[in-house]
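Readers should treat all values here as calculations from the given coordinates under stated rules, not as data from a laboratory. Remember, it's a predicted structure, so these values are computed and weren't measured experimentally. Virtual Cβ from ideal backbone geometry, glycine too; neighbours counted across all protein chains shown.
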Amino acid sequence: MRIGVYAGTFDPITNGHLDIAKRAASLFDKVIIAVAEDNYKQPLFSIEERCDLIRTAIVEKNCGDNVVVDAFSGLLVDYCASQNACSIIRGLRAISDFDQEFQMALLNRSLKQGIDTVFLMSGSRYLFISSSIIRKSAMLGANVDDLVPPCVSKALQRKYHG
């Protein structure tokens, strides 16, 4: 079974993230959207809220029955090994993403042999979307309905204006 892990903070998950997950689902037998507990960021949503939003979003956006959600802590490569994953899935929006992602892929390979990183380019309509842009826009009252799944749009509205 080919298992790919798509990891991130997903605070919140966007349509761009879901586009990557859906396309990865056609390449792997199982895709785990792994939500990072440990990070240097101050998340808007708790780990439980992020996991619940992602579970709802993968159904709303019909990402596939082989896409599941899990939280993890610690090194991503250790989590991947614990799940018998063969690949780390990373989405790229622009050339600027590649430099950092390439360095991380090389580090991960040096830490754990046998787990490769697979890069998927964002769809052109999602190139400008990031979770931080979504949070800032929603905080200022922008309509982000076309950029995030319905459950996320509602959750952002509750957090900022609710």
Relative contact order %, the range 1-160, counting alpha carbon pairs below 8 Å whose residues are six or more apart: 30 percent
Largest to smallest principal axis extent of the C-alpha atoms in the chain, angstrom: 47, 32, 29
12 Å Cα-Cα reach of Lys112 towards aspartates and glutamates, excluding residues that sit fewer than 8 places from it in its own chain: Asp78
Cβ-Cβ FRET estimate between Met121 and His161, R0 fixed at 30 Å, reported to 0.05: 0.35
Gained length - Arg109 relative to Asp29, 0.36 nm times residue gap less alpha-carbon distance: 26.6 nm
The range 107-121 and the range 126-162: distance between their alpha carbon centers, rounded to Å: 31 Å
Listed pairs Lys41/Lys154; Lys30/Lys136; Lys30/Lys159 exceeding 27 Å between Cα atoms: Lys30/Lys136; Lys30/Lys159
Structure-based [θ]222 nm, the chain - -39500 (n - 2.57) summed over DSSP H runs of at least 4, per residue, nearest 500: -13500 deg cm²/dmol
Label-point separation in nm, Ile133 to Arg2, each point 7 Å along Cα→Cβ: 3.0 nm
Hull volume in cubic angstrom per residue (convex hull over the Cα atoms of the range 66-162): 135 Å³
Additional length obtainable on full extension of the chain from Glu60 to Gln83, 0.36 nm per residue less Cα span: 5.7 nm
Coordinate range along principal axes, alpha carbons of the range 2-86, Å, largest first: 33, 29, 17
